[in-house]
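Please read the structure below before turning to the comments.
The values are calculated or read from the model by the stated rules, or taken from the named source; none is laboratory data. All values derive from a computational prediction rather than experimental measurement. Quick reminder, even Gly has a Cβ in these numbers, built from the backbone with ideal geometry, and neighbours come from all protein chains shown. Just so you know, the surface numbers come from the protein's heavy atoms only, side chains and all, with ligands and any DNA or RNA stripped out. Shrake-Rupley method; radii C 1.70, N 1.55, O 1.52, S 1.80 Å.
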Amino acid sequence: QVQLVESGGGSVQPGGSLRLSCAASGSIFRINTMGWHRQAPGKERELVASITSDGRTNYGDSVKGRFAILRDNVKNTVYLEMNSLTSEDTAVYYCNAFVTTRGSYGSRSYWGQGTQVTVSS
């Protein structure tokens with residue numbers, strides 16, 4: 001019913017920048033919180049950043065001051081601007097959204113397929 005499609009991943013050198021995008025589509029009535037999580041090899045998935053429908057943001061400690069999450073409610077799209085990247089940021093990044101679909105009550109969580117970010121010299 002709802003699809004999240006990520007784009008913008010790739011390889012970058014340490015100190016570089018990348019911008020991820022995630023567009024939601026489908027039978028959407030309302031999108032509540034949207035966010036990005038990441039999972040590095042051998043590690044648990046962790047929150048990178050989230051943003052509510054009215055623009056309140058939350059960041060993981062390791063990315064504060066380097067990453068910024070933005071949202072376009074008209075386009076149902078969330079962005080993650082990543083700066084000053086280090087090898088520790090290498091991971092698969094997953095988009096997440098809590099969506100209320102048309103004709104339903106409450107919201108449920110949806111995930112994208114993930115996009116690889118590799119930071120290496």
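Quick notes on this structure:
- Candidate set from the stretch 10-36 (those that are aliphatic (A, V, I, L, M) and farther than 22 Å from Thr118 by Cβ); member that is surrounded by the most Cβ atoms within 10 Å (Cβ to Cβ): Met34
- Taking each residue of the stretch 69-94 that is farther than 17 Å from Gly35 by Cβ and looking for partners that are of a type in the set (Lys, Arg) with beta-carbon atoms closer than 6 Å, six or more apart or interchain, yields Asn83/Arg66; Ser84/Arg66.
- Residue among Leu85, Leu80 that alone is open to solvent by less than 50 Å² (accessible area, probe 1.4 Å) and farther than 20 Å from Ser25 by Cβ: Leu85
- The stretch 65-75, subset exposed (fewer than 13 other Cβ atoms within 10 Å of the Cβ) and more than 19 Å from Asp89 (Cα to Cα), residue farthest from the chain's Cα centre (by Cα): Val74
- Considering residues of the stretch 37-64 that are of a type in the set (Gly, Ala, Ser) and farther than 18 Å from Ser87 by Cβ only, the residue surrounded by the most Cβ atoms within 10 Å (Cβ to Cβ): Ala49
- Checking Ser109, Ser104 one by one, the residue that is of a type in the set (S, T, N, Q), outside any strand (DSSP E or B), under 17 Å from Ser27 (Cβ atoms) and open to solvent by less than 60 Å² (accessible area, probe 1.4 Å) is Ser104 and no other.
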